[in-house]
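The values are calculated or read from the model by the stated rules, or taken from the named source; none is laboratory data. Predicted model, so just to flag it, every value in this text is computed and none were measured. We place every Cβ from the backbone using ideal geometry, glycine too, and count neighbours over all the protein chains shown. Quick note on the areas: whole protein, heavy atoms, side chains included, nothing else; ligands and nucleic acids left out. Shrake-Rupley method; radii C 1.70, N 1.55, O 1.52, S 1.80 Å.
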Amino acid sequence: MKALSGFYYVYSDGKTYQCRARGNFRKRGLTPLVGDHVEFQAENLKEGYVLELLPRKNALVRPPIANVDLALLVFSAVEPDFSTNLADRFLVAIELEDVEPVICISKMDLADEARKAEIQEYKAIYEEAGYRVLLTNTELDKNAIFDVIAGKIAVIAGQSGVGKSTLLNALNPQLDIETGVISMVLGRGKHTTRHVELMTIGDGFIADTPGFSSIEMDELTTENLQFCFPEIDRRRGECKFRGCSHENEPKCAVKDAVEAGDIAAFRYKHYLQILTEVKNKKERY
């Protein structure tokens with residue numbers, strides 16, 4: 001559930017045991033991660049040992065966490081304003097890790113009617129692409145989020161100041177997580193989260209991850225980028241040329257779909273921007 005100062009906190013049958021890792025872990029190059037399933041032994045709640053790490057289905061580097069089922073990506077309707085560019089970059093990073101993303105747009109109660117209508121349009125576009133989208137406000141409908149994360153390990157991510165801590169406190173008032181104030185100069189919140197820890201939310205677990213506003217996509221290539229845009233991925237078999245990058249090639253099903261309005265123009269634009277960045281990065285190496 002938590003790793004802190006060389007201790008690993010193991011949750012089993014409703015109790016949490018403070019453990020150390022077995023001595024030979026370091027020799028074997030193993031580090032237990034939050035989210036790991038482990039075998040452990042403990043005489044009492046304070047003195048236990050993690051004996052074995054069970055196989056992982058995945059492991060993220062930032063934040064360091066294993067066996068993640070889904071990512072709750074939180075953006076705000078206002079303060080800071082919802083950015084499709086930032087949303088698409090978060091989605092690509094999460095798709096790359098083969099984790100299911102769920103988009104959550106917060107602070108809907110602070111938005112004016114024009115912004116609410118705009119957000120509803122974006123919601124329809126992202127749902128059409130294949131994503132789940134939740135709209136939340138301070139009077140939270142908890143059940144929608146409880147349903148999404150029941151029985152799962154989720155990470156919650158998004159730039160600072162979008163209301164992640166407020167959302168977690170609303171889902172589980174016992175957490176009492178410190179919430180950061182938005183810095184009006186920068187338009188982003190102060191970093192309030194220090195370490196990775198799993199928290200029980202309904203029948204699932206959520207890791208509050210240190211607030212970050214940049215995304216590292218080192219493993220991104222020109223080949224795997226299209227898999228990170230579901231609506232592009234669905235059409236790649238229809239292009240005339242195999243290995244079509246959907247940029248300048250003729251008879252491209254993706255470009256046809258953009259022209260027909262079946263793929264949102266802003267999504268395609270962000271795809272091309274990221275494609276160019278990946279190509280430039282390759283040349284630098």
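Data for the structure
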| read-out | value |
| --- | --- |
| Pair list, Cβ < 8 Å and 6+ apart or interchain, from the stretch 118-139 residues that are within 15 Å of Phe82 (Cβ to Cβ) and at pLDDT below 95 to residues that are of a type in the set (Lys, Arg) and part of a helix (DSSP H, G or I) | Leu135/Lys123 |
| Count - residues of the stretch 224-238 that are among the hydrophobic types (A, V, I, L, M, F, W, C), open to solvent by less than 30 Å² (accessible area, probe 1.4 Å) and not in a loop (DSSP other than H, G, I, E, B) | 3 |
| Selected residue [modelled with pLDDT under 85 and surrounded by 12 or more Cβ atoms within 10 Å (Cβ to Cβ)] from His195, His270, His246 | His195 |
| Residues (of a type in the set (A, V, I, L, M) and open to solvent by 40 Å² or more (accessible area, probe 1.4 Å)) located in the stretch 47-87 | Leu51, Leu54, Ala59, Val61 |
